[in-house]
Amino acid sequence: MLVEHHEAVVVGAGIAGLTVALELGAAIVLTAAPLGAAGSTAWAKGGIAAAVGHGDSVRQHAADTIAVGAGLGDEQLAVALAEGGPAALRRLIAQGARFDSVGGELALGREAGHRTRRIVHAGGDATGAEVSRALAAAVSVAPGVEVVEAAAVDLARHESAVGGVVARHPDGRVVLHAAPAVVLATGGAGRVYARTTNPADVRGDGVAMAARAGARLADLEFVQFHPTALAADLDPMPLLSEALRGEGAQLVDDEGGRYLAGLHPDAELAPRDVVARATWQLLADGRKAYLDATMLDRFAARFPSAFAAAQEAGLDPAADLLPVSPAAHYFMGGVAADGRGRTSVPGLWVVGEAAATGLHGANRLASNSLLEGMVFGARVASAVRRERRPAPRRLEAPRIVEDGAPQPQLERRLREIMWRDVGVVRSEASLRRARDEIARMSPLDATVPGRNLRLVASSITEAALARRESRGAHFRSDHPAPAPGLAERRFRTPPPVPVEPVA
(Lines give C-alpha, C1' and ligand atoms only; values in the text may rest on other atoms or scores of the structure.)
Protein backbone atom coordinates (compact mmCIF):
# COMPACT_ATOMS: atom_id res chain seq x y z
CA MET A 1 0.00 0.00 0.00
CA LEU A 2 1.39 3.40 -1.00
CA VAL A 3 1.38 6.12 1.66
CA GLU A 4 1.07 9.87 1.09
CA HIS A 5 1.10 12.49 3.84
CA HIS A 6 -1.10 15.60 3.99
CA GLU A 7 -2.06 18.32 6.43
CA ALA A 8 -5.74 17.38 6.14
CA VAL A 9 -7.88 15.06 4.02
CA VAL A 10 -11.40 16.05 3.01
CA VAL A 11 -13.54 13.25 1.57
CA GLY A 12 -16.20 14.70 -0.71
CA ALA A 13 -16.35 17.66 -3.09
CA GLY A 14 -19.83 19.04 -2.55
CA ILE A 15 -20.57 22.38 -0.95
CA ALA A 16 -19.57 21.22 2.54
CA GLY A 17 -16.29 19.58 1.55
CA LEU A 18 -15.14 22.38 -0.72
CA THR A 19 -16.02 24.99 1.90
CA VAL A 20 -13.88 23.16 4.44
CA ALA A 21 -10.98 22.89 2.00
CA LEU A 22 -11.14 26.56 1.02
CA GLU A 23 -11.33 27.67 4.64
CA LEU A 24 -8.42 25.41 5.64
CA GLY A 25 -6.33 26.61 2.72
CA ALA A 26 -4.19 23.44 2.81
CA ALA A 27 -5.89 20.11 2.21
CA ILE A 28 -6.34 17.29 -0.26
CA VAL A 29 -9.91 16.66 -1.43
CA LEU A 30 -10.78 13.11 -2.47
CA THR A 31 -13.75 12.85 -4.81
CA ALA A 32 -15.13 9.89 -6.71
CA ALA A 33 -16.67 12.19 -9.34
CA PRO A 34 -15.23 15.10 -11.33
CA LEU A 35 -14.98 18.43 -9.55
CA GLY A 36 -18.23 20.35 -9.90
CA ALA A 37 -20.31 17.21 -10.41
CA ALA A 38 -19.73 15.40 -7.11
CA GLY A 39 -22.48 14.35 -4.74
CA SER A 40 -25.87 15.98 -4.31
CA THR A 41 -24.83 19.65 -4.39
CA ALA A 42 -24.77 19.90 -8.18
CA TRP A 43 -28.21 18.26 -8.28
CA ALA A 44 -29.87 20.64 -5.81
CA LYS A 45 -32.97 22.18 -7.41
CA GLY A 46 -34.07 24.20 -4.42
CA GLY A 47 -32.26 27.20 -3.07
CA ILE A 48 -30.42 28.63 -0.09
CA ALA A 49 -32.39 29.89 2.89
CA ALA A 50 -31.08 33.08 4.48
CA ALA A 51 -32.68 35.89 6.49
CA VAL A 52 -31.83 38.66 4.02
CA GLY A 53 -35.32 39.91 3.11
CA HIS A 54 -37.13 42.97 4.46
CA GLY A 55 -38.94 42.11 7.66
CA ASP A 56 -37.18 38.76 8.06
CA SER A 57 -34.85 37.98 10.96
CA VAL A 58 -32.36 35.43 12.22
CA ARG A 59 -34.77 34.62 15.04
CA GLN A 60 -37.61 33.81 12.64
CA HIS A 61 -35.38 31.61 10.46
CA ALA A 62 -34.12 29.73 13.52
CA ALA A 63 -37.66 29.34 14.86
CA ASP A 64 -38.87 27.84 11.57
CA THR A 65 -35.93 25.42 11.60
CA ILE A 66 -36.78 24.29 15.13
CA ALA A 67 -40.51 24.00 14.43
CA VAL A 68 -40.02 21.68 11.46
CA GLY A 69 -37.53 19.57 13.48
CA ALA A 70 -40.46 18.12 15.48
CA GLY A 71 -38.98 18.52 18.94
CA LEU A 72 -35.50 17.14 18.29
CA GLY A 73 -33.73 20.16 16.80
CA ASP A 74 -30.84 21.84 18.59
CA GLU A 75 -31.85 25.46 19.17
CA GLN A 76 -28.29 26.76 19.53
CA LEU A 77 -27.26 25.19 16.23
CA ALA A 78 -30.39 26.53 14.52
CA VAL A 79 -29.46 30.04 15.67
CA ALA A 80 -25.86 29.54 14.53
CA LEU A 81 -27.08 28.45 11.10
CA ALA A 82 -29.45 31.38 10.73
CA GLU A 83 -26.88 33.89 12.02
CA GLY A 84 -24.29 32.63 9.57
CA GLY A 85 -26.63 32.66 6.58
CA PRO A 86 -26.30 36.24 5.29
CA ALA A 87 -22.48 36.27 5.58
CA ALA A 88 -22.19 32.83 3.94
CA LEU A 89 -24.35 34.00 1.06
CA ARG A 90 -22.22 37.12 0.60
CA ARG A 91 -19.08 34.99 0.63
CA LEU A 92 -20.50 32.73 -2.05
CA ILE A 93 -21.42 35.72 -4.20
CA ALA A 94 -17.87 37.04 -3.77
CA GLN A 95 -16.63 33.67 -5.03
CA GLY A 96 -18.57 34.25 -8.24
CA ALA A 97 -21.97 32.62 -7.69
CA ARG A 98 -24.75 34.36 -9.62
CA PHE A 99 -28.21 34.35 -8.06
CA ASP A 100 -31.58 35.40 -9.43
CA SER A 101 -32.44 39.04 -8.81
CA VAL A 102 -35.25 41.51 -9.43
CA GLY A 103 -34.55 45.23 -9.67
CA GLY A 104 -31.00 44.77 -8.43
CA GLU A 105 -32.04 42.85 -5.30
CA LEU A 106 -31.99 39.12 -4.65
CA ALA A 107 -35.25 37.44 -5.69
CA LEU A 108 -36.63 35.58 -2.68
CA GLY A 109 -38.97 32.59 -2.86
CA ARG A 110 -40.93 30.72 -0.22
CA GLU A 111 -40.87 26.99 0.46
CA ALA A 112 -42.50 24.58 2.88
CA GLY A 113 -42.12 25.40 6.56
CA HIS A 114 -40.92 28.97 6.02
CA ARG A 115 -43.18 31.77 7.27
CA THR A 116 -41.80 34.25 4.77
CA ARG A 117 -39.89 34.52 1.51
CA ARG A 118 -36.22 33.87 2.24
CA ILE A 119 -35.07 31.36 -0.41
CA VAL A 120 -32.39 32.51 -2.85
CA HIS A 121 -32.26 30.66 -6.17
CA ALA A 122 -29.98 30.51 -9.18
CA GLY A 123 -31.38 29.77 -12.62
CA GLY A 124 -34.82 29.23 -11.11
CA ASP A 125 -34.27 25.61 -10.10
CA ALA A 126 -30.57 25.11 -10.82
CA THR A 127 -29.07 26.55 -7.63
CA GLY A 128 -26.87 23.54 -6.91
CA ALA A 129 -25.28 23.60 -10.34
CA GLU A 130 -24.40 27.28 -10.01
CA VAL A 131 -23.01 26.84 -6.49
CA SER A 132 -20.92 23.88 -7.66
CA ARG A 133 -19.57 25.88 -10.59
CA ALA A 134 -18.54 28.80 -8.38
CA LEU A 135 -16.90 26.64 -5.72
CA ALA A 136 -15.08 24.48 -8.27
CA ALA A 137 -13.67 27.63 -9.85
CA ALA A 138 -12.55 28.95 -6.45
CA VAL A 139 -10.89 25.65 -5.53
CA SER A 140 -9.10 25.40 -8.88
CA VAL A 141 -7.13 28.58 -8.10
CA ALA A 142 -6.62 27.93 -4.37
CA PRO A 143 -2.87 27.24 -4.10
CA GLY A 144 -2.99 24.95 -1.08
CA VAL A 145 -5.96 22.81 -2.12
CA GLU A 146 -5.42 19.67 -4.21
CA VAL A 147 -8.38 17.80 -5.69
CA VAL A 148 -7.82 14.13 -6.53
CA GLU A 149 -10.32 11.82 -8.21
CA ALA A 150 -10.18 8.67 -6.10
CA ALA A 151 -12.75 6.51 -4.33
CA ALA A 152 -12.39 6.48 -0.56
CA VAL A 153 -12.62 2.91 0.71
CA ASP A 154 -12.07 3.11 4.47
CA LEU A 155 -10.48 5.00 7.34
CA ALA A 156 -7.11 4.16 8.86
CA ARG A 157 -6.71 4.32 12.64
CA HIS A 158 -4.03 4.59 15.28
CA GLU A 159 -5.33 3.04 18.47
CA SER A 160 -8.60 4.94 19.04
CA ALA A 161 -7.91 7.81 16.61
CA VAL A 162 -8.33 8.19 12.86
CA GLY A 163 -5.20 9.16 10.94
CA GLY A 164 -5.97 8.78 7.26
CA VAL A 165 -8.09 7.52 4.41
CA VAL A 166 -7.48 4.50 2.21
CA ALA A 167 -8.54 5.26 -1.37
CA ARG A 168 -8.55 3.38 -4.64
CA HIS A 169 -7.31 5.51 -7.54
CA PRO A 170 -8.48 5.15 -11.16
CA ASP A 171 -5.16 3.58 -12.17
CA GLY A 172 -5.71 0.77 -9.68
CA ARG A 173 -3.36 2.04 -6.96
CA VAL A 174 -4.51 1.71 -3.36
CA VAL A 175 -3.16 4.69 -1.43
CA LEU A 176 -3.24 5.50 2.26
CA HIS A 177 -3.66 9.28 2.48
CA ALA A 178 -2.36 9.92 5.98
CA ALA A 179 -3.22 13.13 7.84
CA PRO A 180 -3.78 14.35 11.39
CA ALA A 181 -7.30 15.43 10.41
CA VAL A 182 -9.85 13.65 8.24
CA VAL A 183 -13.10 15.42 7.37
CA LEU A 184 -15.98 13.36 5.97
CA ALA A 185 -18.19 15.39 3.64
CA THR A 186 -19.63 12.45 1.76
CA GLY A 187 -23.29 13.46 1.68
CA GLY A 188 -26.37 11.39 2.34
CA ALA A 189 -27.65 7.90 1.64
CA GLY A 190 -30.56 8.26 -0.78
CA ARG A 191 -29.36 5.43 -3.02
CA VAL A 192 -30.31 2.97 -0.30
CA TYR A 193 -33.86 3.44 -1.64
CA ALA A 194 -35.33 2.36 -4.96
CA ARG A 195 -36.93 5.78 -5.40
CA THR A 196 -34.55 8.66 -4.78
CA THR A 197 -33.57 12.03 -6.15
CA ASN A 198 -29.90 11.40 -5.26
CA PRO A 199 -27.18 10.54 -7.78
CA ALA A 200 -25.56 7.11 -7.92
CA ASP A 201 -22.61 7.92 -5.62
CA VAL A 202 -24.79 9.02 -2.67
CA ARG A 203 -25.08 5.75 -0.78
CA GLY A 204 -23.90 6.57 2.73
CA ASP A 205 -20.24 5.71 2.13
CA GLY A 206 -18.97 8.15 4.76
CA VAL A 207 -21.41 6.88 7.38
CA ALA A 208 -20.35 3.29 6.65
CA MET A 209 -16.63 4.14 6.85
CA ALA A 210 -17.10 6.00 10.12
CA ALA A 211 -19.09 3.13 11.57
CA ARG A 212 -16.34 0.66 10.72
CA ALA A 213 -13.84 2.98 12.41
CA GLY A 214 -15.90 2.91 15.60
CA ALA A 215 -17.66 6.28 15.36
CA ARG A 216 -21.06 6.72 16.95
CA LEU A 217 -24.03 7.15 14.62
CA ALA A 218 -27.24 9.04 15.36
CA ASP A 219 -30.76 9.79 14.08
CA LEU A 220 -30.58 7.12 11.38
CA GLU A 221 -34.35 6.62 11.32
CA PHE A 222 -34.95 10.14 10.03
CA VAL A 223 -34.89 9.98 6.23
CA GLN A 224 -36.60 12.86 4.45
CA PHE A 225 -38.68 11.92 1.43
CA HIS A 226 -39.24 14.74 -1.02
CA PRO A 227 -42.95 14.79 -1.93
CA THR A 228 -42.64 15.82 -5.57
CA ALA A 229 -40.27 13.69 -7.59
CA LEU A 230 -41.38 13.30 -11.19
CA ALA A 231 -42.84 9.79 -11.48
CA ALA A 232 -41.00 8.89 -14.66
CA ASP A 233 -39.06 5.71 -15.37
CA LEU A 234 -35.74 7.29 -14.40
CA ASP A 235 -33.17 6.58 -11.70
CA PRO A 236 -32.56 8.95 -10.00
CA MET A 237 -36.01 10.47 -10.20
CA PRO A 238 -36.07 14.10 -11.41
CA LEU A 239 -36.91 16.55 -8.66
CA LEU A 240 -39.77 19.00 -9.15
CA SER A 241 -38.49 21.74 -6.88
CA GLU A 242 -40.52 22.98 -3.94
CA ALA A 243 -40.11 26.40 -5.52
CA LEU A 244 -42.88 25.37 -7.92
CA ARG A 245 -45.33 25.00 -5.04
CA GLY A 246 -43.94 28.15 -3.50
CA GLU A 247 -45.03 30.02 -6.63
CA GLY A 248 -48.52 28.50 -6.69
CA ALA A 249 -48.36 24.99 -8.20
CA GLN A 250 -50.88 22.63 -6.60
CA LEU A 251 -51.00 18.93 -5.78
CA VAL A 252 -54.10 17.20 -7.12
CA ASP A 253 -55.40 13.65 -7.25
CA ASP A 254 -56.72 11.77 -10.28
CA GLU A 255 -60.11 13.47 -9.84
CA GLY A 256 -58.59 16.93 -9.78
CA GLY A 257 -59.04 17.51 -6.05
CA ARG A 258 -56.39 19.29 -3.98
CA TYR A 259 -55.73 16.52 -1.48
CA LEU A 260 -53.59 18.74 0.82
CA ALA A 261 -56.17 21.53 1.09
CA GLY A 262 -58.14 19.95 3.92
CA LEU A 263 -55.23 18.14 5.52
CA HIS A 264 -53.00 21.02 6.66
CA PRO A 265 -53.49 24.80 6.96
CA ASP A 266 -50.49 25.40 4.68
CA ALA A 267 -51.75 22.88 2.10
CA GLU A 268 -49.00 22.35 -0.52
CA LEU A 269 -46.52 24.27 1.65
CA ALA A 270 -46.97 22.02 4.69
CA PRO A 271 -43.77 20.41 6.03
CA ARG A 272 -42.35 17.84 3.66
CA ASP A 273 -43.15 14.84 5.84
CA VAL A 274 -46.85 15.78 5.83
CA VAL A 275 -46.97 16.22 2.07
CA ALA A 276 -44.93 13.07 1.38
CA ARG A 277 -47.20 10.89 3.55
CA ALA A 278 -50.33 12.26 1.92
CA THR A 279 -48.93 11.46 -1.51
CA TRP A 280 -47.70 8.04 -0.37
CA GLN A 281 -51.17 7.16 0.95
CA LEU A 282 -52.84 8.26 -2.27
CA LEU A 283 -50.54 6.02 -4.30
CA ALA A 284 -50.95 3.13 -1.83
CA ASP A 285 -54.71 3.37 -2.39
CA GLY A 286 -54.15 2.77 -6.10
CA ARG A 287 -54.77 6.36 -7.12
CA LYS A 288 -52.56 8.94 -8.83
CA ALA A 289 -50.92 12.13 -7.60
CA TYR A 290 -50.05 15.07 -9.83
CA LEU A 291 -48.44 18.47 -9.61
CA ASP A 292 -50.53 21.02 -11.46
CA ALA A 293 -48.21 23.81 -12.61
CA THR A 294 -50.26 24.90 -15.59
CA MET A 295 -51.00 28.27 -13.93
CA LEU A 296 -47.32 29.26 -13.75
CA ASP A 297 -46.30 31.61 -16.54
CA ARG A 298 -42.90 31.42 -18.30
CA PHE A 299 -42.35 27.95 -16.85
CA ALA A 300 -39.47 27.01 -19.15
CA ALA A 301 -37.56 30.20 -18.42
CA ARG A 302 -38.20 30.23 -14.67
CA PHE A 303 -37.71 26.51 -13.97
CA PRO A 304 -35.50 25.13 -16.74
CA SER A 305 -34.46 21.95 -14.91
CA ALA A 306 -38.05 20.90 -14.18
CA PHE A 307 -39.07 21.82 -17.72
CA ALA A 308 -36.29 19.69 -19.23
CA ALA A 309 -37.24 16.72 -17.02
CA ALA A 310 -40.90 17.01 -18.01
CA GLN A 311 -39.98 17.26 -21.68
CA GLU A 312 -37.83 14.12 -21.40
CA ALA A 313 -40.88 12.32 -20.00
CA GLY A 314 -43.00 13.57 -22.91
CA LEU A 315 -44.90 16.15 -20.84
CA ASP A 316 -45.57 19.87 -21.27
CA PRO A 317 -45.90 21.61 -17.86
CA ALA A 318 -47.95 24.37 -19.46
CA ALA A 319 -50.67 21.91 -20.47
CA ASP A 320 -50.10 18.60 -18.65
CA LEU A 321 -50.39 17.49 -15.06
CA LEU A 322 -47.04 16.14 -13.84
CA PRO A 323 -47.24 12.72 -12.09
CA VAL A 324 -45.36 12.73 -8.79
CA SER A 325 -44.14 10.34 -6.12
CA PRO A 326 -42.24 10.72 -2.87
CA ALA A 327 -38.55 9.84 -3.15
CA ALA A 328 -35.69 9.57 -0.66
CA HIS A 329 -34.05 12.96 -0.67
CA TYR A 330 -32.15 13.93 2.50
CA PHE A 331 -30.63 12.07 5.44
CA MET A 332 -31.00 13.78 8.82
CA GLY A 333 -29.08 10.90 10.38
CA GLY A 334 -25.41 10.12 10.00
CA VAL A 335 -22.20 10.29 11.99
CA ALA A 336 -22.88 11.78 15.42
CA ALA A 337 -21.09 15.11 15.78
CA ASP A 338 -21.18 18.34 17.73
CA GLY A 339 -21.66 21.79 16.21
CA ARG A 340 -18.00 21.91 15.16
CA GLY A 341 -18.04 18.54 13.41
CA ARG A 342 -16.18 16.62 16.10
CA THR A 343 -17.09 12.93 16.17
CA SER A 344 -16.61 10.36 18.92
CA VAL A 345 -13.30 9.35 17.28
CA PRO A 346 -10.32 11.73 17.63
CA GLY A 347 -8.94 12.94 14.32
CA LEU A 348 -12.27 12.44 12.53
CA TRP A 349 -14.60 15.31 11.67
CA VAL A 350 -17.82 15.26 9.68
CA VAL A 351 -19.80 18.00 7.94
CA GLY A 352 -22.90 18.46 5.82
CA GLU A 353 -25.43 15.74 5.16
CA ALA A 354 -23.13 12.99 6.46
CA ALA A 355 -23.22 14.64 9.89
CA ALA A 356 -25.89 14.18 12.54
CA THR A 357 -25.45 17.25 14.72
CA GLY A 358 -29.06 17.66 15.79
CA LEU A 359 -29.43 20.80 13.67
CA HIS A 360 -32.33 19.40 11.63
CA GLY A 361 -33.95 17.38 14.38
CA ALA A 362 -36.43 14.88 12.98
CA ASN A 363 -37.08 16.79 9.76
CA ARG A 364 -35.03 19.29 7.74
CA LEU A 365 -36.42 22.70 6.87
CA ALA A 366 -36.43 23.24 3.11
CA SER A 367 -33.30 24.88 1.61
CA ASN A 368 -31.29 24.65 4.82
CA SER A 369 -28.95 21.99 3.41
CA LEU A 370 -26.78 24.10 1.10
CA LEU A 371 -26.67 26.74 3.82
CA GLU A 372 -25.53 24.13 6.34
CA GLY A 373 -22.66 23.12 4.05
CA MET A 374 -21.36 26.70 3.97
CA VAL A 375 -21.96 27.75 7.57
CA PHE A 376 -20.87 24.53 9.24
CA GLY A 377 -18.10 23.96 6.71
CA ALA A 378 -16.47 27.14 8.01
CA ARG A 379 -17.07 26.11 11.64
CA VAL A 380 -15.51 22.68 11.07
CA ALA A 381 -12.47 24.17 9.31
CA SER A 382 -11.94 26.50 12.25
CA ALA A 383 -12.05 23.58 14.69
CA VAL A 384 -9.65 21.51 12.57
CA ARG A 385 -7.13 24.35 12.42
CA ARG A 386 -7.18 24.77 16.20
CA GLU A 387 -7.33 21.17 17.31
CA ARG A 388 -5.59 18.80 14.93
CA ARG A 389 -2.82 16.85 16.55
CA PRO A 390 0.50 15.61 15.11
CA ALA A 391 0.02 12.83 12.58
CA PRO A 392 0.52 9.33 14.06
CA ARG A 393 3.69 7.57 12.91
CA ARG A 394 1.96 4.22 12.65
CA LEU A 395 -1.56 3.38 11.50
CA GLU A 396 -3.81 0.36 11.44
CA ALA A 397 -5.43 0.16 8.03
CA PRO A 398 -8.67 -1.77 7.54
CA ARG A 399 -8.74 -4.97 5.58
CA ILE A 400 -9.60 -3.84 2.09
CA VAL A 401 -12.52 -5.40 0.28
CA GLU A 402 -11.41 -6.16 -3.24
CA ASP A 403 -13.62 -4.87 -6.00
CA GLY A 404 -15.70 -7.85 -7.00
CA ALA A 405 -18.04 -8.29 -9.91
CA PRO A 406 -20.88 -5.76 -10.11
CA GLN A 407 -24.03 -6.93 -8.33
CA PRO A 408 -26.78 -4.77 -9.81
CA GLN A 409 -29.55 -7.30 -9.18
CA LEU A 410 -28.68 -7.67 -5.49
CA GLU A 411 -28.31 -3.92 -5.02
CA ARG A 412 -31.63 -3.34 -6.78
CA ARG A 413 -33.28 -5.90 -4.49
CA LEU A 414 -31.89 -4.19 -1.38
CA ARG A 415 -33.18 -0.80 -2.55
CA GLU A 416 -36.62 -2.27 -3.27
CA ILE A 417 -36.78 -3.79 0.22
CA MET A 418 -35.92 -0.44 1.78
CA TRP A 419 -38.53 1.40 -0.29
CA ARG A 420 -41.24 -1.17 0.47
CA ASP A 421 -40.59 -1.71 4.18
CA VAL A 422 -38.51 1.22 5.51
CA GLY A 423 -39.98 3.99 3.39
CA VAL A 424 -42.38 6.84 4.04
CA VAL A 425 -44.67 4.67 6.22
CA ARG A 426 -43.21 1.91 8.41
CA SER A 427 -44.41 -0.64 10.94
CA GLU A 428 -43.02 -3.27 13.28
CA ALA A 429 -43.91 -6.00 10.79
CA SER A 430 -42.41 -4.28 7.76
CA LEU A 431 -39.23 -3.33 9.60
CA ARG A 432 -38.68 -6.85 10.95
CA ARG A 433 -39.21 -8.27 7.48
CA ALA A 434 -36.66 -5.82 6.06
CA ARG A 435 -34.16 -6.63 8.81
CA ASP A 436 -34.38 -10.36 8.13
CA GLU A 437 -34.09 -10.00 4.36
CA ILE A 438 -31.14 -7.59 4.58
CA ALA A 439 -29.33 -9.95 6.97
CA ARG A 440 -29.51 -12.67 4.32
CA MET A 441 -27.92 -10.44 1.68
CA SER A 442 -24.31 -10.94 2.82
CA PRO A 443 -23.07 -11.53 -0.76
CA LEU A 444 -23.36 -7.73 -1.16
CA ASP A 445 -20.33 -7.44 1.13
CA ALA A 446 -18.08 -8.66 -1.68
CA THR A 447 -17.90 -5.15 -3.17
CA VAL A 448 -17.26 -1.77 -1.57
CA PRO A 449 -20.54 -0.16 -2.75
CA GLY A 450 -22.56 -3.23 -1.76
CA ARG A 451 -20.96 -3.47 1.65
CA ASN A 452 -21.71 0.18 2.36
CA LEU A 453 -25.29 -0.04 1.12
CA ARG A 454 -26.02 -3.07 3.28
CA LEU A 455 -24.48 -1.56 6.42
CA VAL A 456 -26.38 1.72 6.04
CA ALA A 457 -29.66 -0.02 5.15
CA SER A 458 -29.36 -2.30 8.16
CA SER A 459 -28.54 0.63 10.46
CA ILE A 460 -31.52 2.69 9.27
CA THR A 461 -33.82 -0.30 9.76
CA GLU A 462 -32.58 -1.01 13.29
CA ALA A 463 -32.96 2.65 14.26
CA ALA A 464 -36.50 2.74 12.86
CA LEU A 465 -37.39 -0.38 14.85
CA ALA A 466 -36.06 1.19 18.04
CA ARG A 467 -38.11 4.39 17.73
CA ARG A 468 -41.63 3.27 18.61
CA GLU A 469 -43.36 6.54 17.79
CA SER A 470 -43.96 8.85 14.83
CA ARG A 471 -41.91 12.04 14.73
CA GLY A 472 -40.98 14.24 11.80
CA ALA A 473 -39.84 12.20 8.82
CA HIS A 474 -40.14 8.92 10.76
CA PHE A 475 -43.70 7.57 10.63
CA ARG A 476 -44.80 4.28 12.20
CA SER A 477 -48.33 3.20 11.26
CA ASP A 478 -48.41 1.08 14.43
CA HIS A 479 -47.31 4.05 16.57
CA PRO A 480 -48.81 7.01 14.68
CA ALA A 481 -48.37 9.67 17.38
CA PRO A 482 -45.25 11.18 18.93
CA ALA A 483 -44.38 9.83 22.38
CA PRO A 484 -43.21 12.54 24.80
CA GLY A 485 -40.83 10.11 26.47
CA LEU A 486 -39.01 9.55 23.17
CA ALA A 487 -38.25 13.22 22.46
CA GLU A 488 -34.53 12.53 22.44
CA ARG A 489 -31.86 11.63 19.94
CA ARG A 490 -30.81 8.01 19.63
CA PHE A 491 -27.21 6.84 19.17
CA ARG A 492 -25.74 3.63 17.87
CA THR A 493 -22.21 2.42 18.54
CA PRO A 494 -21.04 -0.03 15.88
CA PRO A 495 -18.89 -3.08 16.64
CA PRO A 496 -15.12 -2.94 16.00
CA VAL A 497 -13.66 -4.18 12.73
CA PRO A 498 -10.36 -6.00 12.09
CA VAL A 499 -7.38 -3.84 11.12
CA GLU A 500 -3.80 -4.39 9.98
CA PRO A 501 -0.75 -2.27 10.88
CA VAL A 502 0.82 -0.01 8.27
CA ALA A 503 4.04 1.85 8.99
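The values are calculated or read from the model by the stated rules, or taken from the named source; none is laboratory data. Keep in mind that what you see is a predicted model, and the values were worked out from it rather than measured. Backbone-built Cβ (ideal geometry, glycine too); neighbour counts: all protein chains shown. Calculation scope for accessible area: heavy atoms of the full protein, side chains included, ligands and nucleic acids excluded. Shrake-Rupley method; radii C 1.70, N 1.55, O 1.52, S 1.80 Å.
Positive-end ranking of 107, 166, 208 along the dipole of the range 94-246, with charges on Cβ about the Cα centre, is headed by 107. In the chain, the sites counted are GluC sites (Glu not before Pro) in DSSP loop states with at most 11 other Cβ atoms within 10 Å, and the longest stretch holding none of them, exclusive of the sites, is 1-158. Normalised radius of gyration (Cα atoms, divided by 2.2 N^0.38 Å) for the range 21-155: 1.17. Using a 1.4 angstrom probe on heavy atoms only, work out the carbon and sulfur share of the accessible area of the chain in %. Reported share for carbon and sulfur atoms: 51 percent.
Cα centroid separation, the range 403-481 to the range 71-124: 34 Å. For q = 0.22, 0.28, 0.32 Å⁻¹, what log10 I(q)/I(0) does the range 28-73 give under the Debye formula with an equal point scatterer on each alpha carbon and no solvent? Reported log10 I(q)/I(0), two decimals: -0.82, -0.98, -1.12.
Translational diffusion of the range 360-441 was estimated from the Stokes-Einstein equation, with Rh taken as the Kirkwood radius over Cα pairs; at 37 °C and 0.692 mPa s the coefficient is 185 µm²/s. Take the convex hull of the alpha carbons in the range 326-371; its mean projected area over all directions comes to 3.5 nm². For the chain, a crude dipole built from +1 on the beta carbon of Lys and Arg and -1 on the beta carbon of Asp and Glu, taken about the Cα centre, is about 1140 debye to the nearest 20.
For the chain, the antiparallel share of DSSP beta bridges with both residues in that region comes to about 65%. Heavy-atom accessible surface of residue 288, to the nearest 10 Å², is about 110 Å², with a 1.4 Å probe and all protein chains retained. For residue 324, the residues whose amide H sits under 5 Å from its own are 231, 289, 290, 291, ignoring neighbours fewer than 5 places away on the same chain, with H placed 1.01 Å from N. Here residue 237 sits with roughly 20 square angstrom of accessible surface, probe radius 1.4 Å. Since only 3, 333, 456 are under comparison, the one whose Cα sits farthest along the positive direction of the charge dipole of the chain, derived from C-beta charges on Lys, Arg, Asp and Glu, is 3. Taking all Cα-Cα distances within the range 310-398, those exceeding 16 Å account for 65%.
Take the alpha-carbon centre of the range 301-367, take the same for the range 155-185, and report the distance between them in whole Å. Using only Cα atoms, the two centres lie 27 Å from each other.
For the range 249-322, the fraction of alpha-carbon pairs lying more than 17 Å apart is 47 percent, rounded to a whole number. Viscosity 1.567 mPa s, temperature 4 °C: Stokes-Einstein D of the range 344-503 from its Kirkwood Cα radius, in µm² per second? Estimated via Stokes-Einstein, D reaches 70 µm²/s. Measuring nothing but how far apart in sequence close Cα pairs (under 8 Å, 6+ apart) lie, relative to its length, the range 79-140 scores a relative contact order of 30 percent. A cut-off of 5 Å between modelled amide H atoms, ignoring neighbours fewer than 5 places along the same chain, links residue 266 with no other residue. For the chain, the spherically averaged projection of the C-alpha convex hull amounts to 22.0 nm². Taking every Cα-Cα distance in the range 269-417 and sorting them into 10 Å bins starting at zero, the pair-distance distribution P(r) comes out as 9, 21, 27, 25, 13, 5, 0 percent. Take residue 259: with every protein chain present and a 1.4 Å probe, its accessible area is about 40 Å². Dividing the Cα radius of gyration of the range 97-160 by its Kirkwood radius returns 1.20 for Rg/Rh. Diagonalising the gyration tensor over the Cα atoms of the range 90-129 and scaling each eigenvalue by 5 before taking the square root yields semi-axes of 18, 12, 10 Å, largest first. The listed residues 40, 241 rank as 40, 241 when sorted by accessible area, largest first, using a 1.4 Å probe.
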